[in-house]
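K.L.:
One structure follows; several queries about it will come next.
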Amino acid sequence: MKPIYLDYNATTPIAPEVVDEMLPYLREHFGNPSSGHAYGQITKEAVIMARKRVAVLLACSPDEIVFTGGGSESNNLAIKGAAYSLKERGNHIITQVTEHPAVLNVCRLLETQGFAVTYLPVDEYGLVSPQDIAESIRKDTILITIMHANNETGTLQPIKEIGEIARKHNILFHTDAAQSVGKVPVHVTDMNVDLLTIAAHKLYGPKGVGALYIRKGVKLLPVTHGAGHEGGLRPGTENVAGIVALGKACLLALAGMNNHMPSLTNLRDDFFSLLQQQVPDVLLNGHPQKRLPNTLNVSFPGVNAAAMLAEIPQIAASTGSACHHGEETMSPVLAAMGKSKSRGFGALRLSLGRETTRDEIKIAAELISKTLKNYKHEVNDEHKQ
C-alpha cells in the first residue's frame with residue numbers, strides 16, 4: 001500500500017490531462033519557438049496558447065505573462081527586477097517575516113547591495129497588518145512584497161487592501177501566489193497587484209516551470225542576460241513542454257475551481273474534527289477562516305512531530321521544524337506567530353489535494369491518534385526511569 005499523500009503544498013502530482021498535453025512536445029514537436037520554419041511555428045503557437053490560458057486564469061492580458069523556471073525565479077525577477085529598475089527613485093522595500101525563503105533571501109541579498117528592507121511582524125494567525133504596512137511606507141519606498149497564502153499554515157493575506165495602499169502611494173506591489181493559484185480565485189486586477197508569482201508544480205503541473213504576471217507599464221530589469229526571449233526578461237530557449245503543461249494546468253484549475261474549493265474545505269474541516277475527537281488537545285495553526293481550502297496545520301503540544309511522523313510511514317506529510325547540524329529548530333513561521341516551542345515542535349502540515357479521499361483522512365487520523373498515544377506512553381515511561 002502506498003503512503004497516504006498529505007503534502008500537496010510541497011508539490012502536486014502532474015494531472016494525467018497535463019501529461020497528455022505535454023507529451024507531443026517531448027516527442028515529435030521539438031522545434032525552437034524562435035525558428036522561422038514550420039517546426040518552430042508549431043512550438044511558437046503552443047507557447048502562445050499556453051500564455052493565453054495562464055492569462056485567463058489570472059484575468060489579465062497574455063502579454064502580461066512571462067514564463068520562468070519556477071516560483072523562486074519568478075520571485076527573483078519580480079523583486080530584484082523592480083529594485084534595480086527603481087533604485088534611482090528609492091531603495092526601501094517592505095515585506096513580512098513569514099515570507100517564503102525565495103522572497104526573504106532575495107531581500108537579504110538586496111540589503112547587502114544598498115537596499116533597506118522592513119520585515120513586518122504578523123499576528124497570532126499569521127496575518128500582516130495593512131496599517132503596519134501603511135505606517136512603514138517612506139518617501140524612498142519602491143516595493144511591497146507580501147505573499148498571498150502562507151505555504152505552512154495556508155493563511156490568506158489581505159492582498160486587495162494592501163494593494164490599495166500601494167496604489168495610493170504609487171508603490172509597486174508583488175505577491176507570491178505560488179500556493180494560492182489554482183486553489184482559490186486569483187484575479188490580478190481585483191487584487192490590485194502589479195507583479196504575481198506562479199509555480200506550475202503547485203497546481204498539478206511539472207516542476208521547473210512557472211510564470212510571473214507583470215502589469216502592463218511596469219518596468220523590470222532582467223536578472224539574467226542573454227537573448228531577447230520573454231520580452232527580454234527571461235533569456236534562454238523556452239521549455240515548451242513545461243510551458244504547455246502549465247497552460248493546461250491553469251485551464252483545468254479554472255474549470256474545476258467551483259467544485260474543488262468547497263469539497264476540499266469540507267474534507268479539511270472533517271479531518272480536523274476527526275483529529276479533535278481522537279486527540280482533544282490538538283491545536284489549529286493559522287487563521288480558522290481566512291485560509292487555503294486544502295491546508296490543515298495542527299499542533300500536538302509536548303510532542304516532537306518530526307519524530308512521531310517518522311514512526312508513521314503510511315503517511316506522507318511534513319513538519320515546520322528542521323534539523324541543521326544535529327540541532328532541531330522550530331518553524332520560523334510559527335515562531336513569528338508567537339507560538340511556543342512546545343507547540344512549534346509539535347506541528348504537522350497536512351495539505352490535501354484533488355485525489356484525497358474521505359477514507360484516507362479517516363485512516364490518517366486513526367494512525368496519527370494511535371501513534372501519538374504510543375509516543376506519549378513511551379515518553380512518560382522514559383521520564384519515570
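The values are calculated or read from the model by the stated rules, or taken from the named source; none is laboratory data. Predicted model, so just to flag it, every value in this text is computed and none were measured. Note that we place each Cβ from the backbone using ideal geometry, even for glycine, and neighbour counts take in every protein chain shown. To get the accessible areas, we keep the full protein, side chains included, count just its heavy atoms, and leave off ligands, DNA and RNA. Shrake-Rupley method; radii C 1.70, N 1.55, O 1.52, S 1.80 Å.
K.L.:
Quick check on segment 299-316: of everything there that is more than 14 Å from LEU6 (Cβ to Cβ), in a loop (DSSP other than H, G, I, E, B) and touching a strand residue (DSSP E or B) at 6+ places or on another chain (Cβ under 9 Å), which residue is least open to solvent (accessible area, probe 1.4 Å)?
P.N.:
PHE300
K.L.:
Let me ask you something else. Would you call GLY126 assigned to a helix (DSSP H, G or I) and either among the small types (Gly, Ala, Ser) or touching a His at 6+ places or on another chain (Cβ under 8 Å) (or both)? Step through it out loud before you land on a result.
P.N.:
On the way: assigned to a helix (DSSP H, G or I): no; either among the small types (Gly, Ala, Ser) or touching a His at 6+ places or on another chain (Cβ under 8 Å) (or both): yes.
Judged against the criteria, GLY126 is not a match.
K.L.:
Right, here's the next one. Kindly state which helices (runs of 4 or more DSSP H) lie completely within segment 6-104 and contain at least 1 residues that are among the hydrophobic types (A, V, I, L, M, F, W, C), open to solvent by less than 10 Å² (accessible area, probe 1.4 Å) and within 17 Å of ALA253 (Cβ to Cβ). Write out each step before concluding.
P.N.:
Numbers: elements: 16-22, 24-27, 38-58, 71-86.
Counting at least 1 such residues, we get 16-22, 38-58.
K.L.:
Here is a follow-up. Being assigned to a helix (DSSP H, G or I) and aliphatic (A, V, I, L, M) is the filter here, so list the residues in segment 140-179 that pass it.
P.N.:
Of everything in segment 140-179, those that are assigned to a helix (DSSP H, G or I) and aliphatic (A, V, I, L, M) turn out to be ILE159, ILE162, ILE165, ALA166.
K.L.:
Pairs only if they're at least six apart or on different chains, beta carbon under 9 angstrom, first in segment 124-142 and more than 26 Å from ALA335 (Cβ to Cβ), second surrounded by fewer than 16 Cβ atoms within 10 Å (Cβ to Cβ) and of a type in the set (Gly, Ala, Ser); list them, first residue then second.
P.N.:
Matching pairs, first to second residue: ARG138/ALA116; ASP140/ALA116.
K.L.:
Any idea which of (1) out of contact with any Ser or Thr (no Cβ under 6 Å at 6 or more places or on another chain); (2) part of a helix (DSSP H, G or I) is the one THR237 doesn't satisfy?
P.N.:
The one condition THR237 does not meet is (2).
K.L.:
Follow-up question, since we're still on this one. Taking segment 139-161, which residues are surrounded by fewer than 15 Cβ atoms within 10 Å (Cβ to Cβ) and in contact with a strand residue (DSSP E or B) (Cβ under 8 Å, 6 or more places away or on another chain)?
P.N.:
ASP140
K.L.:
Then there is this: Looking at THR112 and the list (1) farther than 25 Å from GLY154 by Cα; (2) crowded, with 20+ Cβ neighbours inside 10 Å, which single condition is not satisfied?
P.N.:
THR112 satisfies every listed condition except (2).
K.L.:
Can you name every residue in segment 177-197 that is open to solvent by less than 10 Å² (accessible area, probe 1.4 Å) and of a type outside the set (S, T, N, Q)?
P.N.:
Scanning segment 177-197 gives ALA177, VAL181, VAL186, VAL188, VAL193, ASP194, LEU195, LEU196.
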